[in-house]
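The values are calculated or read from the model by the stated rules, or taken from the named source; none is laboratory data. Keep in mind that this is a model prediction, so the values were computed, not measured. Here the Cβ is made from the backbone with ideal geometry for all residues, glycine too, and neighbour counts use every protein chain on show.
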Amino acid sequence: MQKTVEQIEQDLQRPTGRTQRAAERIEQDLLRPIFTTSGKYKVAVAVSGLLVLAGVAAFGYQLYTGIGVWGINSPVFWAFDITNFVFWIGISHAGTLISAILRLCNATWRRPVTRCAEAITVFSIVIGGLIPLCHIGRPWLGYWLIPYPNQRGIWPNFRSPLLWDFFAILTYLTGSTTFLYLPTIPDFAAIRDASTGFRKKICRILSLGWQGTPRQWQRLEIAMHIMAIAIVPVAVSVHTIVSWDFSMTLVPMWHSTIFGPYFVTGAIFSGIAALILAMALLRHFLHLEQYLTPLHFNNLGKLLLTMSLLWFYFTFCERLTTWYGNTPDEMAVFWQSIRLHFAPLFWTMVICNLIIPVPILSMKRFRTITGTAIASSTIIVGMWIERFLIIVPALDHKFLPFSWGVYRPTWVEDTLMASSFGMMALLYLLFSKAVPMISIWEMKVGLQPHGGGIITTAPAIAEPHGLVLEGPLPTDVPE
Amino acid sequence: MAHKWGLVVDLDRCTGCEACVVACHAENNVPTVGKDQAAIGRAMQWIRVERSWEGDFPNPKVRFQPVLCQQCDAAPCEAVCPTYASYHTEEGLNGQAYNRCIGTRFCANACPYTVRSFNFFNPSWQKPLNLQLNPDVSVRSVGIMEKCTFCVQRIKSAEIQAEAEKRDLKDGELTTACAQSCASKALVFGDLNDPNSEVSRLASSNRAAKLMGELGTKPNVTYLDRGAWQDAKNS
């Protein structure tokens, strides 16, 4: 049962014994998944690990034989590879952006959500960043994108959107890793104090000598505030730059001014869907029912609904202006995607991104954990198709009808794609073993009474004082 | 004065014999990929002859159009290459530094004419074709983009020769393999900066048009077509 703020405030006016017990309970609940390993966990790690190995094998085969083992051809030089790249970079907008915005708005319900969102970001950028490396013809020369001083005096081409991509993604990866790491420091300290042996050693290093002094809390607060502000423009710019890979060319239906905001919208859309799915799984498997409550799914569901409508608005605007403009080059692509070869995919996308999610998410009765999870699953599928439909129909119906082509993926591309999902699962699973998936100290902050925003004293390692009250409490703490 | 190389394709003369395609393969070490690969769209051709039909059976009119790299002055392929493998040479050619290419294939996507060929596998030549590789042209390996260079090796060699003899290049002194092999003289290569060259004369013909010139890529290949001219005259 969800407690109201009034009830919690009443509770807190009593002697602090109960708050103390609640804090202990939080620590217990959230550290449990780290110290105990279930059979299901091992199976999940094995399955996702196998998928990753399959991807490594497929990539090895591709390196040995040549990129011709993919289905790409002339004129469809990009297909599954870049679809997956855009898809994963899109998913990465789940965490950092949402978490930063919620932090800046001081939305207190965010507390159990931020960590798992930020983790999605970091891992999907890693995956998204690896894909271009696998997709180039000579992956062993990928480092030529780095502007390093060399004897030949050659620099990369700063006019190329691919180079902007490189910098944007590197910046985003650095930023969001920092953003994930900063609020984890006190939790690493909590693990350090609760563990022994090797784990203790690692966490001692990772907690950077955290003692929970007021000075340290203050530094952390300031650093997180700066990062939260800095990461928002970075996140927006990243997907805008990804969209420029397409819109900076002359290719029909790529060369579009709407692509920047359209891509950012799609990214946040798929990102929230991924977050809801991850939360539903975590809730079930890590038994976090008291932390990730229907409230969170309800709130994120509303956000998802907004993004779904916004996505539809952008898609509609893009298609309508193309149709109205009626230039032959663009119309060739336009009809391919909505009426001819790609029509089944296009209408599946519309169903997945709009027709299924909107009714589910707009009715409170359906905006439950199951409801939002179902909507999120279809959105993930729909958004993947959306990326594919942006890339492939435009390429295979470029200007000259003589050079039109057909694309069919091969098993190598399928394996690499499955492997990218396996990698996400594996990284997420391993992360959940290293770090509490819900920030312990931030949950404890939720137990503290209102006391201004400034930290003055902090008695314990992971118990900051004086922040804002609210957020769900474990409900069955004994009186 | 610097040279500005250009090519004129006279569509009214082209017979569609594809001698230019064969000559280009031989001159530039362009690999043949085999039937199966060609069927899935991986044929490598620096120049290709496109066919189209006008009118219905029983009197269709067949038209041929050789398409090669247009050597654009405002080339969409050059700006997008992250490593400068595609670059603009001082003589206005769209250069391709094979050794610098990492195979992002962005240039091929950006090219409106789809004239870039990608090495999906390491190239191989059927015997005895492996014995006729041109020593002046490097052989490209897997993962590299390649395209028509206007036979830059011939241009360079002629320029060096002329410089050694301390004289200017004469019009017609050098030509590309495709133009050389064209039996009907549909292809003419030369210096557009020389107002008296044959290519300049033809390029200013009232039959002249650029392939998708409306895109603003400023091609240095000009197509001559009587049909377009007559249409314009009649309208």
Open item on the list: Testing A:Leu305 on (1) in contact with a Pro (Cβ under 9 Å, 6 or more places away or on another chain); (2) assigned to a helix (DSSP H, G or I); (3) closer than 30 Å to A:Val435 by Cα, one condition comes back false. Which one is that?
Closed with: (3)
TODO: Just give me the residues in segment A:361-389 being buried (at least 24 other Cβ atoms within 10 Å of the Cβ) and either on the phi > 0 side of the Ramachandran plot or among the β-branched types (Val, Ile, Thr) (or both), in sequence order.
DONE: A:Thr372, A:Ile379
- [ ] Say whether the condition of being of a type outside the set (Lys, Arg), within 25 Å of B:Lys210 (Cβ to Cβ) and touching a Leu at 6+ places or on another chain (Cβ under 7 Å) is met by at least one residue in segment B:40-49.
- [x] yes
Task: Residue in segment B:51-62 that is surrounded by 12 or more Cβ atoms within 10 Å (Cβ to Cβ) and either of a type in the set (Lys, Arg) or under 23 Å from B:Asp136 (Cβ atoms) (or both) present - done: no
Open item on the list: Take the conditions within 14 Å of chain B (Cβ to nearest Cβ) and among the polar types (S, T, N, Q) and apply them to A:Ser403. Does it pass?
Closed with: yes
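In segment B:100-110, is there at least one residue being away from every other protein chain (no Cβ under 14 Å) and either surrounded by 16 or more Cβ atoms within 10 Å (Cβ to Cβ) or farther than 25 Å from A:Ser247 by Cα (or both)? Write out each step before concluding.
Within segment B:100-110, the subset away from every other protein chain (no Cβ under 14 Å) is none.
No, that holds for no residue.
Residues that are in contact with a strand residue (DSSP E or B) (Cβ under 6 Å, 6 or more places away or on another chain) and closer than 30 Å to B:Asn99 by Cα, at least 1 per element: which helices (runs of 4 or more DSSP H) completely within segment B:145-216 meet that? Before the answer, list the steps.
Values: elements: B:152-164, B:177-181, B:198-203.
Counting at least 1 such residues, we get B:177-181.
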- [ ] Report, ordered by the first and then the second residue, all pairs with beta carbons closer than 7 Å, sequence separation of six or more or different chains, a first member in segment A:379-400 that is within 14 Å of chain B (Cβ to nearest Cβ) and touching a residue at least 12 places away in the same chain (Cβ under 8 Å), and a second member that is of a type in the set (Asp, Glu) and surrounded by fewer than 24 Cβ atoms within 10 Å (Cβ to Cβ).
- [x] A:Phe399/A:Asp329
- [ ] Could you tell me whether B:Asn59 is in contact (Cβ under 8 Å) with a residue 12 or more places away in the chain and among the polar types (S, T, N, Q)?
- [x] no
Task: Residue under evaluation B:Val22, criteria (1) within 23 Å of B:Lys185 (Cα to Cα); (2) within 14 Å of chain A (Cβ to nearest Cβ); (3) under 14 Å from the mean Cα position of the chain (by Cα), criterion not met - done: (2)
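Of all residues in segment B:185-196, count the ones that are surrounded by 13 or more Cβ atoms within 10 Å (Cβ to Cβ) and either out of contact with any Asp or Glu (no Cβ under 8 Å at 6 or more places or on another chain) or aliphatic (A, V, I, L, M) (or both). Working first, answer last.
Just the residues of segment B:185-196 that are surrounded by 13 or more Cβ atoms within 10 Å (Cβ to Cβ), to begin with: B:186-194.
Now narrow it down to the ones that are either out of contact with any Asp or Glu (no Cβ under 8 Å at 6 or more places or on another chain) or aliphatic (A, V, I, L, M) (or both): B:186-189, B:192-193.
Final tally of qualifying residues: 6.
Out of curiosity, is B:Gly6 within 30 Å of B:Gly172 (Cβ to Cβ), surrounded by 23 or more Cβ atoms within 10 Å (Cβ to Cβ) and in contact (Cβ under 8 Å) with a residue 40 or more places away in the chain? Before the answer, list the steps.
Values: within 30 Å of B:Gly172 (Cβ to Cβ): yes; surrounded by 23 or more Cβ atoms within 10 Å (Cβ to Cβ): yes; in contact (Cβ under 8 Å) with a residue 40 or more places away in the chain: yes.
Against the criterion (within 30 Å of B:Gly172 (Cβ to Cβ), surrounded by 23 or more Cβ atoms within 10 Å (Cβ to Cβ) and in contact (Cβ under 8 Å) with a residue 40 or more places away in the chain), B:Gly6 qualifies.
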- [ ] May I ask you to say which residue of B:Gly34, B:Gly55, B:Gly41 is on the phi > 0 side of the Ramachandran plot and more than 13 Å from chain A (Cβ to nearest Cβ)?
- [x] B:Gly55
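Rundown of residues vs (1) at pLDDT 95 or above; (2) aromatic (Phe, Trp, Tyr), yes/no style:
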site	(1), (2)
B:Gln37	no, no
B:Ile40	no, no
B:Ala43	no, no
B:Trp46	yes, yes
B:Pro60	no, no
B:Leu68	yes, no
B:Thr89	no, no
B:Leu93	no, no
Open item on the list: Against the conditions (1) in contact with a Leu (Cβ under 7 Å, 6 or more places away or on another chain); (2) more than 10 Å from chain B (Cβ to nearest Cβ); (3) not in a helix (DSSP H, G or I), where does A:Val76 fall short? Just the number, please.
Closed with: (2)
Open item on the list: Would you confirm, using the coordinates I've provided, whether A:Leu170 is within 14 Å of another protein chain (Cβ to nearest Cβ), touching a residue at least 60 places away in the same chain (Cβ under 8 Å) and either surrounded by 14 or more Cβ atoms within 10 Å (Cβ to Cβ) or in a helix (DSSP H, G or I) (or both)?
Closed with: no
Task: Criterion (in a helix (DSSP H, G or I), crowded, with 20+ Cβ neighbours inside 10 Å, of a type outside the set (Val, Ile, Thr) and out of contact with any helix residue (DSSP H, G or I) (no Cβ under 6 Å at 6 or more places or on another chain)) met by exactly one of A:Arg283, A:Arg219, A:Arg215 - done: A:Arg283
Task: Subset of segment B:58-73 [within 12 Å of chain A (Cβ to nearest Cβ) and within 16 Å of the chain's Cα centre (by Cα)] - done: B:Phe64, B:Gln65, B:Pro66, B:Val67, B:Gln70, B:Cys72
Task: First in segment A:188-211 and in contact (Cβ under 8 Å) with a residue 60 or more places away in the chain, second anywhere and hydroxyl-bearing (Ser, Thr, Tyr), Cβ under 7 Å, 6 or more apart - done: A:Phe188/A:Ser207; A:Ala189/A:Ser207
- [ ] Show the residue pairs that are 6+ apart or on different chains and have beta-carbon atoms under 8 Å apart, the first residue being within segment A:131-158 and within 18 Å of A:Asp245 (Cβ to Cβ) and within 10 Å of another protein chain (Cβ to nearest Cβ), the second being outside any helix (DSSP H, G or I) and aromatic (Phe, Trp, Tyr).
- [x] A:His135/A:Trp78; A:Gly137/B:Phe118; A:Pro156/B:Tyr84; A:Asn157/B:Tyr84
TODO: Please work out if A:Ile120 is surrounded by fewer than 19 Cβ atoms within 10 Å (Cβ to Cβ) and modelled with pLDDT under 95.
DONE: no
Open item on the list: I need the full set of residues from segment A:222-260 which are part of a helix (DSSP H, G or I), in contact (Cβ under 8 Å) with a residue 60 or more places away in the chain and β-branched (Val, Ile, Thr), in order please.
Closed with: A:Ile229, A:Ile231, A:Val232, A:Val234, A:Val236, A:Val238, A:Ile241, A:Val242
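Somewhere in segment A:188-196, is a residue within 14 Å of chain B (Cβ to nearest Cβ), at negative phi and either at pLDDT 90 or above or surrounded by fewer than 16 Cβ atoms within 10 Å (Cβ to Cβ) (or both)?
no
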TODO: Please work out if A:Tyr64 is in a helix (DSSP H, G or I), away from chain B (no Cβ under 14 Å), among the aromatic types (Phe, Trp, Tyr) and out of contact with any strand residue (DSSP E or B) (no Cβ under 8 Å at 6 or more places or on another chain).
DONE: no
- [ ] Determine which single condition A:Ala117 fails, assuming it passes every other condition in (1) touching a residue at least 12 places away in the same chain (Cβ under 8 Å); (2) more than 23 Å from A:Thr177 (Cβ to Cβ).
- [x] (2)
Open item on the list: Which pairs turn up if I take residues in segment A:13-37 that are modelled with pLDDT of 80 or more and look for partners that are outside any helix (DSSP H, G or I) and of a type in the set (Val, Ile, Thr) with beta carbon separation below 7 Å, at least 6 apart in sequence or on another chain?
Closed with: A:Arg25/A:Val477; A:Leu30/A:Ile438
TODO: Report yes if some residue within segment A:30-53 is more than 14 Å from chain B (Cβ to nearest Cβ), aromatic (Phe, Trp, Tyr) and outside any loop (DSSP other than H, G, I, E, B); otherwise report no.
DONE: yes
